[in-house]
Amino acid sequence: MSAPETGVPEGGVREVVIVGAGQAGLQTAASLRQGGFEGGIRLVGDEPGLPYQRPPLSKAFLKKNAEPGSVALRNADFFEKQRIDLLAGETVTAIDRQARRVALASGGALDYDRLVLATGARNRRLPVPGGDHPDLAELRTLDHALAFRDRLRDAKRLVVVGGGYIGLEIAATARERGVEVVVCEAMDRVMARTASPALSAHVGKVHRDHGVSLRLAAGIAAIAEKGGRVTGVETAEGETIAADLVLFGIGVVPNVELAAEAGLETGNGIVVDPCLRTTDPTIFAIGDCASFAAPPCCGPKLPGRVRLESVQNAVDQGKAAARNILGPPQPYDEVPWFWSDQFEMKIQIAGLTAGSEREIDRWNAEKQRLTVYCFRGGRLAAVETVSNPGDHMACRRILAERLSPKLEEVEAAEFSMKEWFQQMRGR
Amino acid sequence: MVKVTYRAHDGSETVVEANAGTSLMQTAIANGIDGIVGECGGSAMCATCHVYVPEDWLQRLPPRSEVEDEMLDSAVAERKGNSRLSCQIVAAPEIDGIVVEMPEEQI
């Protein structure tokens, strides 16, 4: 029996089922217990083993002979001590919203009072002839990383299809391992989806300085094969680039099928309201799979709905989902931030660059530091930095506190984000 | 294995064995130690793995990188001369027995 308006069962919330045991799902489970929840927590993940972090998989994990255990988010003891029932290597096949029950591939079922969908995303396939060849490498999971690390050992030349964050991180890692690397990016600059032109230019230059062959406006028309093996790629211009290892990183597709089949609204992700609830108030969606309205802290003229693929988003939405299960739902309003490590560059972004109307960049040659201020609607909306963590952290605080320097202040040559913020705080 | 003692703000201590090569932040998270958060997973991006290192151990650690130094300014708890980011301290035989003190707040 439950109150029809809110769906809160008599006796409160007793069972929470979390679909997806990645960063977002794990955070929800941890935060529920931390928040004093005494009921059952079932964390279901289709990958075997303990929940783990993905960021190291394109970086440190590929460079050293790190053990899979080194990327685990928590050790096995944690799940036992926190009484979190981890069902690894298990897939949820359907949601029965009427019965408030999910069906499992192994044949069982789990009842829920609250359901959290943290199903993440999967790699988009290469939509060209040969694009599904088993020889092609990709990187999303621990299994992908282990396999790729092995192949990298013997590779002489790697072609990376896709000049986004994943492709570039892998390119940098492989180059540092002494492999010859060619990156083929279809757009006319790298990271075109999210980075400012100034950031794209700088990153491209650093890659080239390190000997990466960066091919821009180089879409792939087909995968080259011979004798059943992948031998390279064919560009749209008709050029064949030979390689003994080809990896594609052309973005992801959110895993919305389970939600869609259950009649929940989807559209570039599982659609949620500001409190992270789907069209069914007992079901939340968070992390890489969730489509939500850009948080108010991101400034004026918000870019509509967003779907953010980042550790910050997974962690903060996991915490928010737990909070909204345990108490009166509050709107989600956390400053998005993101980082990417490529060669000596520590690229950091705070805020949303989408819809940016004006960009001001500052290059400090002595310290090899770049800062790009992005304005939208007359206010600072985002800051991209390379090797400038002080400015990055200041921007996160500034956005969180709804502050903004004026455009004219930022345009002045001596402007320092960090100093401006310290002045505002009266330090 | 490297012995590490995590001293909480209230003085209580937890002693764990760390695998050489893993950071003190990772070790804390893996062992469920409450006083270290590590939101960014060890990339010197969040300053939520802040610790104070007693002087005699501090001297035995490699110096802070510029990134670590800058990030420490953003730590929530007071930055002191012996502040370090535990994600940048790698467990190694040379620091077997190290003690680190956790601040009252990380976030």
message: Below 10 angstrom from the Cβ of A:Leu152, what's the summed charge of the other residues (Lys, Arg +1; Asp, Glu -1)?
response: +3
- prompt: What list of whole percents do you get for P(r) of chain B, with Cα-Cα distances grouped in 10 Å bins up to the one holding the largest distance?
  reply: 17, 55, 27, 0
statement: CD proxy, 222 nm, chain A: helix-only mean residue ellipticity via -39,500 (n - 2.57) per DSSP H run with n ≥ 4, per residue, nearest 500, stands at -7000 deg cm²/dmol
query: Which is farthest toward the positive dipole end of chain A among A:Gly20, A:Ala321, A:Val386, measuring Cα position about the Cα centre, with Cβ charges +1 (Lys, Arg) and -1 (Asp, Glu)?
result: A:Val386
statement: Of the listed links A:Lys59/A:Lys346; A:Lys64/A:Lys156; A:Lys205/A:Lys418; A:Lys301/A:Lys406; A:Lys59/B:Lys80; A:Lys156/A:Lys226, those spanning more than 20 angstrom between alpha carbons are A:Lys205/A:Lys418; A:Lys59/B:Lys80
field: Note, ³J(HN,Hα) from phi for the range A:117-133, Karplus 6.51, -1.76, 1.60, rounded to Hz, x at Gly and Pro
entry: 9, 10, 7, x, 9, 10, 5, 6, 7, 6, x, 10, x, x, x, 10, 5
message: Sequence gap at least 6, Cα distance under 8 Å: using those rules, report the relative contact order of chain A to the nearest whole percent.
response: 14
task: Could you give the size of the charge dipole of the range A:125-171 about its Cα centre, using +1 on the Cβ of each K and R and -1 on the Cβ of each D and E, expressed in debye and rounded to the nearest 20?
output: 140
- request: For chain A, give the share of DSSP beta bridges that are antiparallel, in percent and rounded to the nearest 5; count only bridges with both residues there.
  value: 60
statement: Asserting the computed 222 nm helical MRE of chain B (DSSP H runs at least 4 long, -39500 (n - 2.57) per run, divided by residue count, to nearest 500) equals -4000 deg cm²/dmol
message: With 10 angstrom as the radius, rank A:Asp77, A:Asp280 by how many other C-beta atoms surround their C-beta, starting from the fewest.
response: A:Asp77, A:Asp280
task: Provide B:Arg79, A:Arg425 in ascending order of the number of other Cβ atoms located within 10 Å of each residue's Cβ, fewest first.
output: A:Arg425, B:Arg79
task: Kindly put A:Asp273, A:Asp209 in sequence by how many other C-beta atoms sit within 10 Å of each C-beta, fewest to most.
output: A:Asp209, A:Asp273
- prompt: Just going by the charge dipole of the range B:1-70, with Lys and Arg at +1 and Asp and Glu at -1 on Cβ, which of B:Met45, B:His9, B:Met25 is farthest out on the positive end?
  reply: B:Met25
query: If Lys and Arg each add +1 and Asp and Glu each add -1, what is the summed charge of the other residues whose beta carbon sits under 11 Å from the beta carbon of A:Ala285?
result: -2
field: Backbone HN-Hα couplings from phi across the range A:376-393 [Karplus 6.51/-1.76/1.60, Hz, Gly and Pro as x]
entry: 9, x, x, 10, 5, 10, 7, 9, 9, 9, 10, 6, 9, x, x, 5, 4, 5
- prompt: Could you work out Rg/(2.2 N^0.38 Å) for the range A:198-298, with Rg from alpha carbons only?
  reply: 1.62
task: Please report how far the C-alpha centroid of the range A:30-84 lies from that of the range B:23-88, rounded to the nearest whole angstrom.
output: 21
- prompt: About the Cα centre of chain A, what is the dipole size in debye to 20, counting +1 per Lys and Arg Cβ and -1 per Asp and Glu Cβ, all else neutral?
  reply: 780
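Laboratory data are not the source of any read-out in this text; all were calculated from the coordinates shown. A quick note: this is a predicted structure, and the numbers were derived from the prediction, not measured. Don't worry about glycine lacking a Cβ; one is built from the backbone with ideal geometry, like all the others, and counts go over all protein chains shown.
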